[in-house]
1. Taking a point 7 angstrom from the Cα of ALA515 along the C-beta vector, which residues in the range 548-575 have backbone N less than 17 Å away?
2. Within the set of other residues whose C-beta is less than 10 Å from the C-beta of ASP269, count the net charge using Lys and Arg as +1 and Asp and Glu as -1.
3. Indicate the gyration tensor shape class of the range 354-487 (rounded, prolate or oblate), computed on the Cα atoms with a ≥ b ≥ c the square roots of the eigenvalues: a/c under 1.5 is rounded; otherwise a/b larger than b/c is prolate and the rest oblate.
4. Once Lys and Arg get +1 and Asp and Glu get -1 on their Cβ, which of SER582, PHE95, ASN508 lies farthest toward the positive end of the dipole of the chain?
5. Considering only the other residues whose Cβ falls under 14 Å of the Cβ of ASP35, what net charge follows from Lys and Arg at +1 and Asp and Glu at -1?
6. Which value, in debye to the nearest 20, describes the size of the charge dipole of the range 67-161 about its Cα centre when Lys and Arg Cβ atoms bear +1, Asp and Glu Cβ atoms bear -1, and nothing else is charged?
7. Please get the size of the charge dipole for the range 313-461, origin at its Cα centre, with Cβ charges of +1 on Lys and Arg and -1 on Asp and Glu, quoted in debye to the nearest 20.
8. Charges at C-beta only: +1 for Lys and Arg, -1 for Asp and Glu. How large is the resulting dipole of the range 147-221 about its Cα centre, in Debye rounded to 20?
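The values are calculated or read from the model by the stated rules, or taken from the named source; none is laboratory data. What you are looking at is a predicted structure, and each value in this text was computed from that prediction instead of being measured. So basically every Cβ, Gly included, is an ideal-geometry build from the backbone, and we count neighbours across all protein chains shown. Side chains are part of the model used for accessible areas, which takes the heavy atoms of the whole protein and leaves out ligands, DNA and RNA. Shrake-Rupley method; radii C 1.70, N 1.55, O 1.52, S 1.80 Å.
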Amino acid sequence: MFFHKKLKFLYLLIMTTISSIPVLANDPHSTAKPDEAVVQKLYLDINVDFGKKIISGKAQWTIKKSASADAIHFDTKNLDIQKVTIDEIENPWKFSWGKEDEILGHELIIPIKSNTSIVTIYYATSPESAACQWLDQSQTAGKKLPFLFTQCQAILGRTLFPCQDSPGIRFTYEADVTVPVEMLALMSAENPTVKNNSGKYHFRMPNPIPSYLMALSVGDIKFQSIGNRTGVYAEPSMLEKSAYEFADMQKMLEAAEKLYGPYRWGKYDVLVLPPSFPFGGMENPRLTFATPTILAGDRSLVSLVSHELAHSWSGNLVTNANWNDFWLNEGFTVYFERRITEALYGKDFADMEAYLGMEDLKETLKEFEKTPDATCLKLKLEGKDPDDGMNSIAYEKGYALLLLIEKTIGREALDNFLRKYFDSHAFQTMNTEQFIAYIESDLFSKFPGAEEKINLKAWIYNPGLPTNCPVIVSVKFNDVDIEFQKWMDGTAPKSLRTANWFTQQWLNFIDKIPATTSIARMAELDTTFKFSATGNAEIADAWFLQSLTLHYSPAYIYIEKFLIEVGRRKFLMPLYKEMMKSAAGKELAMKIYKQARPNYHFVARQSVDELLHWKDGL
Ligand code: BES
Ligand code: ZN
């Protein structure tokens, strides 16, 4: 009996030790087996066919294998695999299909010889390849030529090219891309700045990147330089507006470097896409993809550029090992973003955004009251689409944790730590457990008592917001409080002191409008401040949400127009969600979505389809 107990104890001890060792190759969203054979270098030779909405060509992978490996495993989804060859031999080589899964796609298994170093896959995407959004000319600003952009995060890379689609696997690449001669092609790589007459473009990405950072865009695109290392690409009619909006890009880059060390990617440009782009921004290396909804005309929404730029360190340089560690990418990036914002525009400005972020977080926490596991920083996305785990928790709870660390040990110590963290893990992956071990030994050990005060593991592994969460105050919102109270007490909107308010102050004002407000008072606000017709998409979105909640119907035609034109998921979801709360709203949602759906990218469609219980053809 005694002996058994002892054995059991020993067994438990061994098991807990083993399970606390991070296994890097273990990504539940990839079928790759990097311990056996892993990609290192890609040569992509592809043709972009707008008529067929297909990309076809070859992906030639240089691989590294273990001595015993007899196959290499790739992720694919909706790809037509036409031929496989190995090494220098042109004859078709064998391949087989492995696991098939609705979320993960189809595993491609290619047998390899003991000395195989090159695997070439001839393939074509299909019009169902979710990474690609093919826009016809009417969906562009210029209305003259079609447009293509890709979006690979989180696991859509496998629909663009056969790859080992895990953020823990990195490769360098070169690409030859053939496009219609009237168009310019751009990638997450060294890019051309002008069109040529051949329609053939060569790209090079000499730094190793994970597959989710692969990106391609093709269209009527022009370039304008901002600084010696920064510039902006856009459709010709959007170029001037974009260059005006992003005038501070070079300063952002310099501020970022001053905080956390050299920018390692050479150039930093932004591509402004048509409005159907499903995200605010995507941190494709060297070339952030961005929504045009940040072009407010007054540079008030440029934090998005700081955010995507910050990913050049947190995310692109030190990358989450798999999507369960997503907070390591986004939480750090929001913290870094706000530090850049503070450096350029001052603490009061950054505090407004932090405050709005916290409000957002509180909303999300409420939303997940019944599924609290989703509010942990470390996620459990096995068996789920990682896209489902990507909400403001990683961003804002992650930010709040870093802010708490800053407040506990001081800014200087945190900055020194982060600089070293990015430097010593450059071009590597990081998981939550490795991060905990690193910060404990490298930082907390120097600050006795800090770890108990912060309680890092509770933040990471427990749901909700710990009680030691820093309180975020915004002095600029005090002005809003005063004017808002006046309005609540009956002052007419035109008598409020709102001159020179920032976008963020307007957002704060609109968010406060209570559910009991009369239609007449909504109309009064609208007449004075022209919210429904505003060209500022953030303000419009906040106002539209209130309009739907309060059934302020004069805004509905503007909502319809907005939802048909804009495909940014962050804007769509709250509006459709609100509409789904009433029978009349549901009807409106269906009517709008029917028209809007063809404009949305796959990821936006997927989310709205589910929300509206949409079935094709209805
Ligand atoms: N990397 C994200 C976008 C993303 C996340 C795409 C998860 C696919 C899956 C990007 O950096 C991001 O966070 N964009 C935000 C803007 C930001 C200012 C919070 C967005 O799109 O709204
Ligand atoms: Zn981000």
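1. 548-552, 574-575
2. Every neighbour counted, the sum reads +3.
3. Oblate, because a/c is 1.5 or more while a/b does not exceed b/c.
4. It is PHE95.
5. 0
6. With only Lys, Arg, Asp and Glu charged at Cβ, the dipole is about 300 debye.
7. I would put it at about 400 debye.
8. 120 debye
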